[in-house]
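One structure below.
The values are calculated or read from the model by the stated rules, or taken from the named source; none is laboratory data. Just so you know, these numbers come straight off a predicted model, no measurement behind them. Cβ coordinates were reconstructed from backbone atoms using ideal geometry, including for glycine residues, and neighbour counts include every protein chain displayed. Side chains included, ligands, DNA and RNA excluded: accessible areas come from the protein's heavy atoms. Shrake-Rupley method; radii C 1.70, N 1.55, O 1.52, S 1.80 Å.
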Amino acid sequence: MKGLIQRVSHASVHVGDEEIAAIPAGLLVFVGVEKMDDTEHARKLCQKLMAYRVFSDSQGRMNQSVMDSQGSLLLVPQFTLAANTRSGTRPGFSDAAPPEKARPLFDFMIAEASAVLGSARVAAGRFGADMKVSLVNDGPVTFLLEVPSAP
């Protein structure tokens, strides 16, 4: 399971003309679910997201997590993160979980994050939708977090 995280000063998701999710300062997380992933992978990734220290402390060092900084979290499903790009010039998606498996794991992550941060601080994109994501990357700060799947 993969999470591409970006520290943002704000971010939003639109589907068509409708804004379906928005957060102030916090983390925008694109979530990629792979075939071998399960709820334990989703739980571990969510725990890592909550504790990952990418926010500055009073001395300007990255020592605070989204929990410490009282930041918000915007989770966006993105199957392309599970693409195999090791060879050739076209991504392969054989490692990506099918929608019927990926959607419940994405929903599980939303529930886990909401239990930790509170539902007012967690927003989400719409699974399977054509989304337009807007953000202001703060830093810029971007990391790829992975919870390896067993082969």
Consider E19 carefully, then state whether it is closer than 19 Å to V76 by Cα, of a type in the set (D, E) and surrounded by fewer than 16 Cβ atoms within 10 Å (Cβ to Cβ).
yes
Would you confirm, using the coordinates I've provided, whether G118 is open to solvent by less than 70 Å² (accessible area, probe 1.4 Å), under 30 Å from R61 (Cβ atoms), without any contact (Cβ under 8 Å) to a residue 24 or more places away in the chain and of a type outside the set (S, T, Y)?
yes
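Just give me the residues in segment 53-66 being in a loop (DSSP other than H, G, I, E, B) and buried (at least 17 other Cβ atoms within 10 Å of the Cβ), in sequence order.
Matches in segment 53-66: V54, S65, V66.
Residue by residue, here is whether (1) out of contact with any strand residue (DSSP E or B) (no Cβ under 6 Å at 6 or more places or on another chain); (2) more than 16 Å from F30 (Cβ to Cβ) holds:
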residue	(1), (2)
G88	yes, yes
A96	yes, no
A102	yes, no
F106	no, no
A113	no, no
G118	yes, yes
R121	no, yes
R126	no, no
S134	no, no
Hey, could you check segment 17-40 for residues that are of a type outside the set (D, E) and in contact with an Asp or Glu (Cβ under 8 Å, 6 or more places away or on another chain) and say which is nearest to E146 (Cα to Cα)?
K35
Of the residues in segment 55-109, those that are in contact with an Asp or Glu (Cβ under 6 Å, 6 or more places away or on another chain), among the polar types (S, T, N, Q) and within 17 Å of L4 (Cα to Cα) come to N84
Within segment 76-83, does at least one residue satisfy the condition of being modelled with pLDDT of 95 or more, buried (at least 18 other Cβ atoms within 10 Å of the Cβ) and over 12 Å from the mean Cα position of the chain (by Cα)?
no
